[in-house]
1. If you take the Cα Rg of the range C:202-278 and divide it by 2.2 N^0.38 Å, with N the number of residues, what do you get?
2. Going by how many other Cβ atoms sit within 10 Å of their own, how do A:22, B:46, C:44 line up, fewest first?
3. Sorted from fewest to most neighbouring beta carbons within 10 Å, what does the list C:30, B:17 look like?
4. With chain B treated as a Gaussian network of Cα nodes joined by springs under 10 Å, which of B:246, B:172, B:204 yields the largest mean-square fluctuation?
5. Have a look at the DSSP beta bridges in the protein assembly as shown and tell me what percent are antiparallel, nearest 5.
6. Cα gyration tensor of the range B:100-158, axes a ≥ b ≥ c as square roots of the eigenvalues: rounded (a/c below 1.5), prolate (a/b > b/c) or oblate?
7. What residue among B:196, B:218, B:155 shows peak mean-square fluctuation when chain B is described by a Gaussian network model with Cα springs under 10 Å?
8. With +1 on the Cβ of every Lys and Arg and -1 on the Cβ of every Asp and Glu, and nothing else charged, how large is the dipole of the range B:173-239 about its Cα centre, in debye rounded to the nearest 20?
Amino acid sequence: MSSILTYIAISEGKIKRSSLEVLSRSKAIADANGLACEAIIIDENASSFTDSVQNYGASKIHIVEDSIFSQHRNTPLLSALSKVMEASKPKVVAFASTEGTKDILGALAANQKAGVVADVSSFDLTSSGVIAKRPVMAAKVVGNVEVTGETILVSVRSGSYELVESPITAEVNTIEFSSSESDLKAKLREIISATGDTIDLNEAETIVAAGRGVKDEEAKSLITELARVLNAGIGASRALTEAGVYDPSLQIGQTGKVVSPQLYIAVGISGAIQHVAGMANSKVIVAINKDADAPIFEVADYGIVGDLYKVLPPFIEELKKLKS
Amino acid sequence: MKFYVCIKMVPDVYAPFQIKDGELIMDADRMVLNAYDASAVEEALVLSEKHGGEVEVVCIGSAKASETIRKALAMGADKGSHIVTTGDEGFDSGSYANILTAFLKDKEYDVLSLGKQSQDTDSGLTGSMVAELLHLPYTTNAVGLEIENGNLIVKRQGDTGQEIIELPTPCAVTCSNDMNEPRIPNLKGIMASKRKPIDTIDLASLGISESDLSPNSKVVSFEHKPARKAGQKFEGEADEIAREVAQLLDTEANVI
Amino acid sequence: MEDKFDCIVIGGGVAGLAAAITLARNNMKFLLIERGEFAGAKNVSGGVLWGHDLAKLVPNYWEEEDAGWERYINHRRLTFMDEQSTFSLDFKSKHFNETPYSGVVVLRSKFDNWLSGKLQEAIDASDYAMDSFIATNIKVDQVLMENGKAIGIKTGEDEFHADSVIIAEGVNNLLTRQVGLQDNYVPADHMLTGIKEVIRFDQQVLEDRFQLNGLSGMSNEYVGWATDGVEGGGFLYTNRDTISLGLVLGIKDLREKKKSPHDLLNHFKTHPTVADAIKGGEIVEYSAHVVSSGDSRAMPKELYKDGILIAGEAANLLMNAGKAIQGMDYAMRSGILAAETIVTAKAKNDFSSTTLKEYRKALDDSYVMKDINNFQDAVHLLHTDTMQNKVPNLVCDFGRQFFTIKNEPTPKSEKMLLGAIKKHASLWELLKLGFKARKSL
Ligand SMILES: Cc1cc2nc3c(=O)[nH]c(=O)nc-3n(C[C@H](O)[C@H](O)[C@H](O)COP(=O)(O)OP(=O)(O)OC[C@H]3O[C@@H](n4cnc5c(N)ncnc54)[C@H](O)[C@@H]3O)c2cc1C
Ligand SMILES: Cc1cc2nc3c(=O)[nH]c(=O)nc-3n(C[C@H](O)[C@H](O)[C@H](O)COP(=O)(O)OP(=O)(O)OC[C@H]3O[C@@H](n4cnc5c(N)ncnc54)[C@H](O)[C@@H]3O)c2cc1C
Ligand SMILES: Nc1ncnc2c1ncn2[C@@H]1O[C@H](COP(=O)(O)O)[C@@H](O)[C@H]1O
């Protein structure tokens, strides 16, 4: 029986929640269409994740384990995925839309002659293939896309689907794979990781995002304090990642990360479409901006018109009270 | 170093648009050079200025796309190739990747540069497709490029941090606009661009016909993004409104 | 010197494009420089381009599929407004369907872009296909002078040389001031501000609502309540599937009455007549821009100087005597005349004011300066309190009485009129007005 295969992304020894969201969706589609719901884990210790994965209803889990996967490398990842696809001939392969996925999705489609649609906010199976919704024109518009093909690759924006557990005991299928650094043309020299224990923005419940309005250390420390009180992840607009004030991996928007937390607090951000493209799906949006006409207020549920230096201190203080 | 930069003409996302019975209608005159490609061109220019070399741009698109090529030439690229299409074939990334591959397969170059995505569709597929089809080592989402003894050193923005990757040439790379601020062509550049060569090429001469290119993904309709419910705006005494909103986040929105 | 031009045209608006097209047709080597990303990018205004000059520049433009213009005017209306009522002079005529049209509605971002396409065609067809340029996204910082004569322009670090410069920079005429042709201080009461919204409808709805047929269109000017006591007036023009609705307001009066253009536009839109006209439309564009009042006192001291000509609204060439705003057609004609003067200068190889003053003469002999001079009184008249407030109120009041049927004995119209007059003005005032009007219009 043909299957829908979900790629489980592992990053820094943890399963990316977004790929479990996708797995939850795949499971639902599999059940509705009488397909097998399978998963694939590619990591240096892939086997250690099977339990959590079968918890979301994968009846068969393909394991590719090799030290080469300690870090993201596109060539081995590509050949591992091709190998599994050739073996299990899935109807659909679903990915969480991470940078890792973006790095290989097109190549995999070309290599497997598969149909492909990237960065969807929802997708479903039809008799002819896959239909999906995806934001276009800097997320000002939603496009309805039809994809056809023997096999179809879909990558899904994080936060598009809820996690749904449906425990099952999965058959584990370990696939022989070995690759050595030296065979690779592309050499990964080093990874400059984002500063320490920053919360993964894709998984953060709350995000405090700073923009150009956050001019100096004083403002920056207010942001840090606000984030600490709310146990929030810190994000930034391009104005600040560009200026090197925050790490580039914290950029939110069209070029940066797409996030959808429960609470998004935009501080000193004007709300350019390319920024909004990355945060418009947040559940509750708070904007703090001294310019009453800033476009960010068009998407904000709670807009505070005022100087962040004056607004944040009492705001933080009040939140502390509420927390305790 | 010889650079090929693939540039695309895309609709200006700031241009007013309307959606009529599922069709997206934009001002056809408001077409621009894809911002990510502008960064790719800029970086190629910087590197060739630094290490010597040549920058050639290739663009697939309607007759109007020649303006986009001129823009790149005005920035400083040396030569342009315009693969002419009617522009309304509904091609997807795969179709363009196939055309680019057909064009590039017998070309000599060190670095093939693309944008990480199209500003209008955000697909982000063509780059790695072309790399795969041409069997080139590649990497995506570059935020910095360097050349070290004949190899391309890419700073790639990954999920957790920045990966420093060394690619032997020839190779392919897709560029993020976080890499640089593309130069705005000055008058001298604009004037010089007029004398620079643009080859116009049709699909047939590349040995492909439109039918080989039938896209396997197509946008069947457009709709407005789901509207957010109108929010509340608080103006006045900073201290008061700050506390008021904090309260509401707890009591009304209960997200605290 | 290799890249020396016959002429550098500053500004890719109507005046600059008209000048450049004329230069190209006469095989001149020139450079047109536009600050905006493309011609029209910076041009918010939009309205009716009156007269036949467009047909001279782009013969048979009406035959072209999807040309840069929106609709041709065959229906005109001048509306007096009080709080509740509107009383209109309405004229629609088959006569206006004949080409060349006597007026076409344009949206500038589209129209200018289209016209610069025509310019490119003209360049390609000229002897200097490779040496004449349209350069966009470039701002001219300075006109280069050498012992009193213009020798080129400066942008950023780059200098470009030419025998002549046509300044067509529009109403914000910084360069015109820089070269000393206009005092740096232009009294605000000679300037207006124009604001406009573009409101979209389903095309069918639009055509039914305004009784448009094919590409026919209507233009409507408003006086009275529209501006809530501020000197100025309102306008409504029909585009393909949108309307342009806006106000033109005296800057001085705005300041004194402490009113904001934006609030006044919303005020205008609440009038029942206007509200009915725009019902169900979606605002797709909002813009504001300074516009000259047409008061000749605001004109530059002179329009030429050694190596320099000033064209279009940079020279404050504009007329607004109530029945229409004429700025684009003046811009177009002055641009053409300026270019023709340059062609003569080239032939004589004399770009000094001795030759360039021919431009002033040509302009004086043309309808542009003739009208500006002849209708100055009308311009002033339009801006008097009587014309702005009393007359509209009076006319509407009379209209209300005249058109009301009460099943009571109806007074004679003359009585109504006198009543209305007494209520809103004095007979004497009106006599004066009527007299002035006869002279000025
Ligand atoms: C192709 C493309 C992709 C892009 N991708 C992204 C992306 O992924 N992410 C992104 O963020 N941008 C992106 N951009 C850039 C984007 O267009 C904007 O330039 C950027 O988002 C601006 O950041 P900002 O709002 O912080 O700065 P600004 O636009 O300068 O806004 C600063 C705001 O802070 C307010 N402010 C200043 N001081 C104070 C104060 N004391 N108190 C309160 N408020 C204050 C100001 O009123 C202003 O509204 C992209 C652009 C392009 C062309
Ligand atoms: C709301 C409104 C409604 C109007 N309605 C009508 C109407 O119905 N009918 C009518 O005939 N007129 C109308 N007008 C007036 C009309 O728009 C102007 O008279 C006309 O645009 C003048 O044309 P121009 O070419 O002289 O100047 P502009 O059209 O202003 O063009 C000047 C150009 O020069 C460029 N420029 C300026 N400085 C530089 C520089 N330093 N370097 C490079 N480029 C530069 C600008 O970007 C601009 O593109 C209206 C105006 C407004 C504001
Ligand atoms: N029509 C085209 N002509 C030239 N390059 C293109 C074209 N379409 C896509 N590309 C390249 O592919 C990148 C975007 O890929 P995608 O997001 O898949 O459309 C662009 O930044 C270009 O570098």
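1. 1.21
2. Working: A:22 29, B:46 16, C:44 19.
Starting with the residue having the fewest Cβ neighbours, the order is B:46, C:44, A:22.
3. Lowest to highest Cβ neighbour count: B:17, C:30.
4. It is B:246.
5. Around 50 percent antiparallel, to the nearest 5.
6. Note, shape of the range B:100-158 comes out oblate.
7. Its mean-square fluctuation being the largest, the pick is B:218.
8. It works out to roughly 300 debye.
Laboratory data are not the source of any read-out in this text; all were calculated from the coordinates shown. Since the model is a prediction, treat every value here as computed from it, not as a measurement. Note that each Cβ is placed from the backbone with ideal geometry, even for glycine, and that neighbours are counted across all protein chains shown.
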